[in-house]
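**Student:** First, the structure itself, so that you have it in front of you.
The values are calculated or read from the model by the stated rules, or taken from the named source; none is laboratory data. Given the structure is predicted, the values throughout are model-derived calculations rather than measurements. Cβ placement follows ideal geometry from the backbone for every residue including glycine, while neighbour counts extend to all protein chains displayed.
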Amino acid sequence: MLEIKNYIGGVFQAALDGETLEDYNPATAECIATIPRSKVNDVQMAVDAAHSAQSEWGALSMLERADWLDRIADALEKKHEHIAQTESMDTGKPISLARRVDASRSVSNFRFFAGFSREQSEMTFEMADAMNYVHRSPVGTVGLITPWNLPLYLLSWKVAPALLMGNTIVAKPSEITPLTANILAETLHELDLPSGVFNLVHGLGPEVGQSILEAPGIKGISFTGGTATGRIVARTAAPMFKKLSLELGGKNATIVLKDADLSLAVDGAVRAAFTNSGQVCLCGSRILVDSAIAEEFTKRFIEKVNSISIGNPSLDETVMGSVISPEHLEKVESYIELGLAEGGTVLTGGTRAMTGFTGPDGVGAFLRPTVVSGLSYTSRCATEEIFGPMVTLHTFDSEEEAIVMANHSEYGLAGSVWTKDLERGRNFATKIDTGIVWVNTWLHRDLRTPFGGVKNSGVGREGGKWSMEFFSEMTNICVKNPDSPE
Ligand code: NDP
């Protein structure tokens with residue numbers, strides 16, 4: 001069993017009071033690691049270490065820091081399989097997904113920000129008698145708090161631009177999935193990243209997370225997680241005037257118009273619904289289909305869902321693994337019961353998957369991909385974030401109705417529209433209140449684009465120049481030409 005430590009000031013160390021927490025593999029229910037149950041003193045130690053490192057790290061040029069990002073990308077790439085296996089074990093996700101998304105995209109995050117920064121030039125604004133130069137400096141020490149669904153991918157999405165812009169970091173991964181954050185810390189240590197630039201403090205959200213929010217020495221918080229926690233983050237950090245980026249929950253619609261290419265739409269809707277067991281904030285958990293094609297779409301959709309192979313996450317052929325924990329399994333099951341109580345019909349799934357792998361006791365947290373129809377688009381199941389392998393299916397009779405249904409949500413993170421008419425799709429997309437809309441695709445990401453949500457899905461944008469802006473402060477330096485009259 002692994003004994004994970006905090007990484008503070010370049011040293012791997014236990015929590016100051018020695019307390020630990022257990023980390024489980026949700027597919028087997030085995031305890032695979034212990035992690036420090038850190039408290040406010042551990043966080044303060046990390047903040048002090050980050051402060052000591054700030055001036056030297058912030059004084060490097062952006063190009064020098066971009067070289068660091070490339071070195072980190074190269075080192076992580078060498079550990080690709082190790083990262084994928086660790087992430088799969090810690091989350092219960094299939095190894096193929098962990099390789100394709102978690103391990104690969106974590107490397108890409110570092111590589112992308114390194115390359116992107118080299119394409120940027122200093123912003124200037126010329127006047128008749130003066131020149132304005134926009135100078136960027138680091139925010140200082142920033143707190144990075146991340147969830148369990150894409151652990152290293154989401155952490156690296158923040159670490160890369162934070163380092164690039166000259167900040168020092170105190171990071172807290174979800175205590176449910178701490179292992180790949182530890183691999184990142186080991187990698188930075190092996191690369192001799194200056195001590196204190198990156199600090200990792202493990203533990204519980206209300207203890208370590210809250211201490212990060214409250215630490216006066218932390219000047220910015222980039223948080224990805226649930227909307228309820230986001231409210232706590234905003235409530236705590238906003239009165240201290242910390243810079244805040246909040247990437248929160250979603251209840252995204254997959255909208256299939258009458259003229260959609262059905263094969264494409266069915267494949268896309270299944271992928272959007274059940275990738276990572278539906279535990280991606282961008283997952284399409286409400287499927288809205290034009291009633292003219294609903295019968296054919298539903299038949300093909302259910303066939304495709306039934307072909308998903310669920311089971312041992314470490315097998316190459318497995319498409320869906322477990323959900324994140326037995327508690328989360330019960331939460332999703334409670335929504336299936338609610339769906340029935342709200343008058344819905346389970347078209348497929350709805351029960352635990354007793355895969356050969358989990359054995360007769362069904363110890364792993366496996367749930368069959370579940371599709372519920374017959375619910376109102378205003379029902380709780382169709383409006384609350386479930387974040388698991390359960391989707392609801394609804395029909396509409398006109399584009400106007402589809403837009404009303406899609407927008408009937410407190411969330412506004414993402415969505416997808418399926419139509420052969422690209423102009424129609426693009427136009428339709430402008431009417432949906434979300435941060436991201438895909439037309440005829442899903443999770444197709446260009447890292448230069450703005451990423452984030454509206455309504456209760458978050459505040460601010462990350463990605464490309466938006467990340468660079470979040471992780472820096474700008475000073476406008478106006479230089480007057482001495483030869484020009486006042
Ligand atoms: P949580 O909000 O429960 O946790 C997110 C992080 O916040 C964890 O590290 C958690 O620690 C920590 N945390 C909990 N309480 C506090 C606190 N009081 N102060 C500071 N930090 C705290 O989310 P989940 O981990 O359950 O992740 C799932 C959620 O994340 C879903 O709602 C999903 O939609 C959202 N998400 C959003 C994304 C986006 O980009 N918009 C992307 C991915 C997920 P601990 O785990 O130890 O409790």
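**Student:** State which residue is farthest from the chain's Cα centre (by Cα) when the search covers only the stretch 6-35 and only residues that are of a type in the set (D, E, K, R) and surrounded by fewer than 18 Cβ atoms within 10 Å (Cβ to Cβ). Show your work before the answer.
**Tutor:** Restricting attention to the stretch 6-35, the residues satisfying the condition of being of a type in the set (D, E, K, R) are 17, 19, 22-23, 30.
Filter again for surrounded by fewer than 18 Cβ atoms within 10 Å (Cβ to Cβ), leaving 17, 19, 22, 30.
Values: ASP17: 31, GLU19: 28, GLU22: 23, GLU30: 25 Å.
Ranking the qualifying residues of the stretch 6-35, first place goes to ASP17.
**Student:** Something else: For the structure I just gave you, tell me whether ARG300 is outside the structural domain of ASN182 (by TED's automatic domain parsing), touching a helix residue (DSSP H, G or I) at 6+ places or on another chain (Cβ under 6 Å) and within 16 Å of the ligand (Cβ to nearest atom). Give the derivation first.
**Tutor:** Details: outside the structural domain of ASN182 (by TED's automatic domain parsing): yes; touching a helix residue (DSSP H, G or I) at 6+ places or on another chain (Cβ under 6 Å): yes; within 16 Å of the ligand (Cβ to nearest atom): no.
Criteria not met by ARG300.
**Student:** Taking only the stretch 227-239 into account, find how many residues are surrounded by fewer than 14 Cβ atoms within 10 Å (Cβ to Cβ) and over 20 Å from the mean Cα position of the chain (by Cα). Explain how you work it out, then say what you get.
**Tutor:** Going through the stretch 227-239, the residues surrounded by fewer than 14 Cβ atoms within 10 Å (Cβ to Cβ) turn out to be 228, 231, 235, 238-239.
Going one step further and asking which of them are over 20 Å from the mean Cα position of the chain (by Cα), we end up with 235, 238-239.
Residues flagged as surrounded by fewer than 14 Cβ atoms within 10 Å (Cβ to Cβ) and over 20 Å from the mean Cα position of the chain (by Cα) within the stretch 227-239 amount to 3.
**Student:** Pairs only if they're at least six apart or on different chains, beta carbon under 6 angstrom, first in the stretch 457-472 and over 19 Å from ILE218 (Cβ atoms), second at pLDDT 95 or above and surrounded by fewer than 19 Cβ atoms within 10 Å (Cβ to Cβ); list them, first residue then second.
**Tutor:** ARG461/PRO450; GLY463/THR449; GLY463/PRO450; GLY464/ARG448; TRP466/PRO450
**Student:** Further question: Suppose we filter the stretch 125-151 for residues that are small (Gly, Ala, Ser), within 16 Å of the ligand (Cβ to nearest atom) and farther than 30 Å from HIS51 by Cβ; how many remain? It would help to see each step written out before you state the result.
**Tutor:** If we filter the stretch 125-151 for residues that are small (Gly, Ala, Ser), which is where we start, we get 128, 130, 137, 140, 143.
Now drop any that are not within 16 Å of the ligand (Cβ to nearest atom), which leaves 143.
Okay, now just the ones that are also farther than 30 Å from HIS51 by Cβ, so none.
Within the stretch 125-151, residues that are small (Gly, Ala, Ser), within 16 Å of the ligand (Cβ to nearest atom) and farther than 30 Å from HIS51 by Cβ number 0.
**Student:** Let me ask something else. So which of GLU247, GLU317, GLU295 is among the acidic types (Asp, Glu), surrounded by 18 or more Cβ atoms within 10 Å (Cβ to Cβ) and more than 18 Å from MET405 (Cβ to Cβ)?
**Tutor:** On the way: GLU317 fails: surrounded by 18 or more Cβ atoms within 10 Å (Cβ to Cβ); GLU295 fails: surrounded by 18 or more Cβ atoms within 10 Å (Cβ to Cβ).
Only one candidate passes the filter, namely GLU247.
**Student:** While we're on this one: With the condition kept exactly as written, say whether any residue in the stretch 144-155 is part of a strand (DSSP E or B), under 18 Å from the mean Cα position of the chain (by Cα) and under 30 Å from LYS39 (Cα atoms). Walk me through how you get there before you give the answer.
**Tutor:** Within the stretch 144-155, the first condition is being part of a strand (DSSP E or B), and the residues that meet it are 144-145.
Filter again for under 18 Å from the mean Cα position of the chain (by Cα), leaving 144-145.
Keeping just the survivors that are under 30 Å from LYS39 (Cα atoms) gives 144-145.
Yes.
**Student:** So, of the residues in the stretch 228-280 that are out of contact with any strand residue (DSSP E or B) (no Cβ under 8 Å at 6 or more places or on another chain) and under 28 Å from VAL139 (Cα atoms), which turns out to be farthest from the ligand (Cβ to nearest atom)?
**Tutor:** Applying the filter and picking the extreme gives PHE241.
**Student:** Need the failing condition index for SER398 against (1) away from the ligand (no atom under 12 Å from the Cβ); (2) polar (S, T, N, Q); (3) within 30 Å of TYR153 (Cα to Cα), just the number.
**Tutor:** (3)
**Student:** Out of (1) surrounded by fewer than 24 Cβ atoms within 10 Å (Cβ to Cβ); (2) more than 18 Å from the chain's Cα centre (by Cα); (3) hydroxyl-bearing (Ser, Thr, Tyr); (4) within 25 Å of SER457 (Cα to Cα), what's the single condition that is false for SER195?
**Tutor:** The failed condition is (4).
**Student:** If you take the residues of the stretch 411-456 that are charged (D, E, K, R) and in contact with a helix residue (DSSP H, G or I) (Cβ under 7 Å, 6 or more places away or on another chain), which of them is surrounded by the fewest Cβ atoms within 10 Å (Cβ to Cβ)?
**Tutor:** The first filter runs over the stretch 411-456 and keeps only residues charged (D, E, K, R), leaving 420-421, 423-424, 426, 431, 433, 445-446, 448, 455.
Applying the additional criterion that residues be in contact with a helix residue (DSSP H, G or I) (Cβ under 7 Å, 6 or more places away or on another chain) yields 431, 433, 448.
Details: LYS431: 15, ASP433: 16, ARG448: 12.
For the stretch 411-456, the residue satisfying everything is ARG448.
**Student:** What is the one condition in (1) outside any loop (DSSP other than H, G, I, E, B); (2) under 20 Å from GLU3 (Cα atoms); (3) touching a residue at least 60 places away in the same chain (Cβ under 8 Å) that THR177 does not satisfy?
**Tutor:** All conditions pass for THR177, except number (1).
**Student:** Something else about it: Which of (1) out of contact with any Lys or Arg (no Cβ under 6 Å at 6 or more places or on another chain); (2) away from the ligand (no atom under 16 Å from the Cβ); (3) within 30 Å of ALA402 (Cβ to Cβ) does SER309 not meet, given it meets every other one?
**Tutor:** (3)
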